1. Here are some residues: 61, 71. Which one is surrounded by fewer than 20 Cβ atoms within 10 Å (Cβ to Cβ), in a helix (DSSP H, G or I) and touching a residue at least 40 places away in the same chain (Cβ under 8 Å)?
2. In the set 128, 119, which member is over 23 Å from residue 40 (Cα atoms) and open to solvent by less than 10 Å² (accessible area, probe 1.4 Å)?
3. Based on what the data block shows, is residue 34 under 22 Å from residue 90 (Cα atoms) and either of a type outside the set (S, T, N, Q) or part of a helix (DSSP H, G or I) (or both)?
4. Suppose the filter is of a type in the set (Asp, Glu), surrounded by 14 or more Cβ atoms within 10 Å (Cβ to Cβ) and modelled with pLDDT of 85 or more; does residue 52 pass it?
5. Residue check, residue 144 against (1) open to solvent by less than 50 Å² (accessible area, probe 1.4 Å); (2) assigned to a helix (DSSP H, G or I), all met but one. Which one?
6. Name every residue in region 147-172 that is open to solvent by less than 50 Å² (accessible area, probe 1.4 Å) and of a type outside the set (S, T, N, Q), in order of residue number.
7. Only residues that are open to solvent by less than 10 Å² (accessible area, probe 1.4 Å), without any contact (Cβ under 8 Å) to a residue 40 or more places away in the chain and under 16 Å from residue 146 (Cα atoms): list them for region 76-107, please.
8. Of the residues that sit in region 11-38 and are surrounded by 14 or more Cβ atoms within 10 Å (Cβ to Cβ), among the hydrophobic types (A, V, I, L, M, F, W, C) and more than 13 Å from residue 70 (Cα to Cα), which one is nearest to the chain's Cα centre (by Cα)?
Amino acid sequence: AYAASVLDHVWNQRPQLHKDLREWLASIPASGDEDSESAAEALTMLAIRQHDASLISGAARRWAEEAASRRDLAVTELTRAALSEEIGPDVRRQLYDWARTSAGEPTQLTVAEVCRGPLARQYPQIALTRLRNLVLRTNVIVQESVVESLATLVRDPALYSSVTSEVARWVNEDEPRRSAG
């Protein structure tokens, strides 16, 4: 735990370095080398320990927007952060904002992927709400990703009822939710 302790110490004792540390930590996984996953996890754990969701939200958006190959990393770390007790509510709110606003396609695809994983199993209504907002995007690729997410979730017996109820609701709404339903 020495590395985490040093990182926390520098973060707490040198606030003037926050901007540079954010940039440096976010750039390590963006390089795509073999240390990417451990660096991304270190950043997420720092965000959790410091109760600063923006650390991982900003980095994950950067990873998703810069390279499709980094989207998996963004999904993994956003999921880890969204499920944490410390920053989970803030990360889930950020996912909601990205689903509702004009975030870029890679970010919206990342939200759809986060919503088809462990987040949906722990917070089904939260995941379905983000998907409900994403399906309103005019981007066909994002809409298809939402449908893929729903198809994944409906296969889970614990989520079947929630997903089918949500889809049934969509069928009775205006386009494009009706088509997606």
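The values are calculated or read from the model by the stated rules, or taken from the named source; none is laboratory data. In this text, all values refer to a predicted model and were calculated from it rather than measured experimentally. Counting neighbours? That spans all protein chains shown, and the Cβs are built from the backbone with ideal geometry, glycine included. The protein model used for the area step is the full one, side chains on, heavy atoms only, and it has no ligands, DNA or RNA in it. Shrake-Rupley method; radii C 1.70, N 1.55, O 1.52, S 1.80 Å.
1. 71
2. Working: 119 fails: over 23 Å from residue 40 (Cα atoms).
None of the other options fit; the residue is 128.
3. No, not satisfied.
4. So residue 52 passes the test.
5. Evaluating residue 144 over (1) open to solvent by less than 50 Å² (accessible area, probe 1.4 Å); (2) assigned to a helix (DSSP H, G or I) leaves (1) as the failure.
6. Residues satisfying the conditions are 150, 151, 153, 154, 156, 159, 163, 166, 167, 170.
7. The answer is 95, 99.
8. Step by step, filter region 11-38, then rank; the result is 25.
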